[in-house]
1. Find the residue count for segment 116-146, including only residues that are more than 20 Å from Thr43 (Cβ to Cβ) and in contact with a Leu (Cβ under 8 Å, 6 or more places away or on another chain).
2. Condition first: crowded, with 18+ Cβ neighbours inside 10 Å and either modelled with pLDDT under 95 or more than 13 Å from Leu270 (Cβ to Cβ) (or both). Now tell me which residues in segment 207-217 satisfy that.
3. Read through the list (1) more than 26 Å from the chain's Cα centre (by Cα); (2) closer than 30 Å to Asn145 by Cβ, then give the number of the only condition that Pro170 fails.
4. Out of Glu186, Glu198, Glu231, I need the residue that is of a type in the set (Asp, Glu), modelled with pLDDT under 95 and assigned to a helix (DSSP H, G or I). Which one?
5. Pull out all pairs, ordered by first then second residue, where Cβ-Cβ is under 7 Å, the residues are six or more apart or on different chains, the first lies in segment 235-262 and is farther than 16 Å from Arg286 by Cβ, and the second is of a type in the set (Phe, Trp, Tyr) and surrounded by 18 or more Cβ atoms within 10 Å (Cβ to Cβ).
6. When segment 30-50 is examined, which residues are found to be assigned to a strand (DSSP E or B) and closer than 12 Å to Arg77 by Cα?
7. Take the conditions more than 17 Å from the chain's Cα centre (by Cα), without any contact (Cβ under 8 Å) to a residue 12 or more places away in the chain and either in a helix (DSSP H, G or I) or surrounded by 13 or more Cβ atoms within 10 Å (Cβ to Cβ) (or both) and apply them to Arg138. Does it pass?
8. Within segment 106-113, identify whether any single residue is under 28 Å from the mean Cα position of the chain (by Cα), without any contact (Cβ under 8 Å) to a residue 40 or more places away in the chain and in the same structural domain as Leu56 (by TED's automatic domain parsing), and answer yes or no.
Amino acid sequence: MNVAHEPDELPDARRGVAVGTFDGVHLGHLHVIEAARNAGLRTAVVTFDPHPRLVLGGQVELLATLQRRLELFEEARVDDVLVLRFDERLAALQASEFAERMLRGIGAEAVAAGETFRFGRGREGDLALLERLGFDVRRVPLVENVSSSRIRELVHAGETGRAAVLLGRPPEVEGIVVRGDGRGRELGFPTVNLDVPEGLLVPPDGVYAGWAEGRRAAVSIGTNPHFDGVERRVEAHLLDFDGDLYGERLVVELWSLLRDQRRFDSLEDLVAAIGDDVERTRAATRPV
């Protein structure tokens, strides 16, 4: 898959283009990509980074990093991706200029987008404008109840299974593996500690069954109240694994919430609870 940041960085080709931010690359987004593919041309995505809402003065917790979005585009069999830096200059482009430079500029003949997609200065452009400019517009109806906002609500509520249905895969958290306190290893359950990128959505505190690095994982999110912790952390115990992942990027699937974080009456009770977490993780089922 080719990844470019300027239109002229992509080789000349006739393209069917899916355009949008695609945070999370959920089922609705995959419908848009499929509509672009159905044009019978080279399949491309035009997307934005950072999230436009952040530049325009809003707030948003991301469902996926740009790197993860690119991986998901590749899994969706996209040939080319144009990642446009969304800044004040791009936001100020007239809609028609955006269409000519960023869409026609990469050989877009067909353009697929959600039916409510807006673009250009002051969100003045819509799919009707693209039709007037001569593009073969593929309007993709919104998938009922599937949106990045709805998925965020479900993840915030700890409803990882319901979020997975809308995503088409379990919700994830990712980060670079960094050194922690080493307490997990002392207890007999070594963990990898993630430095999670700023702005990425992290589910509520608790212990989750999940998956990472090709194996099941019991994932702890929170401040570790038993040891009076204050820093919120994401730690994963990879079952039957004893390797060194320091410095590596790790994507962790979160399948189901096992229990809340809590203080235990004794260290022995904590160890017993972790052992139970591990056994329940072994028995857990991936939600989709």
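The values are calculated or read from the model by the stated rules, or taken from the named source; none is laboratory data. Predicted model, so just to flag it, every value in this text is computed and none were measured. Cβ sites come from the backbone with ideal geometry, for glycine too, and all protein chains shown count toward neighbours.
1. Residues flagged as more than 20 Å from Thr43 (Cβ to Cβ) and in contact with a Leu (Cβ under 8 Å, 6 or more places away or on another chain) within segment 116-146 amount to 5.
2. In the first step, residues of segment 207-217 are kept if they are crowded, with 18+ Cβ neighbours inside 10 Å; the result is 207-212, 216-217.
Correct list: Tyr208, Ala209, Gly210, Trp211, Ala212, Arg216, Ala217.
3. (1)
4. On the way: Glu198 fails: assigned to a helix (DSSP H, G or I); Glu231 fails: assigned to a helix (DSSP H, G or I).
Testing whether each residue is of a type in the set (Asp, Glu), modelled with pLDDT under 95 and assigned to a helix (DSSP H, G or I) leaves just Glu186.
5. Taking only residues 6 or more apart or on different chains, the pairs are His237/Phe189.
6. If we filter segment 30-50 for residues that are assigned to a strand (DSSP E or B), which is where we start, we get 42-49.
Listed by number, the residues that qualify are Arg42, Thr43, Ala44, Val45.
7. Numbers: more than 17 Å from the chain's Cα centre (by Cα): yes; without any contact (Cβ under 8 Å) to a residue 12 or more places away in the chain: no; either in a helix (DSSP H, G or I) or surrounded by 13 or more Cβ atoms within 10 Å (Cβ to Cβ) (or both): yes.
No.
8. Checking segment 106-113: not a single residue is under 28 Å from the mean Cα position of the chain (by Cα), without any contact (Cβ under 8 Å) to a residue 40 or more places away in the chain and in the same structural domain as Leu56 (by TED's automatic domain parsing).
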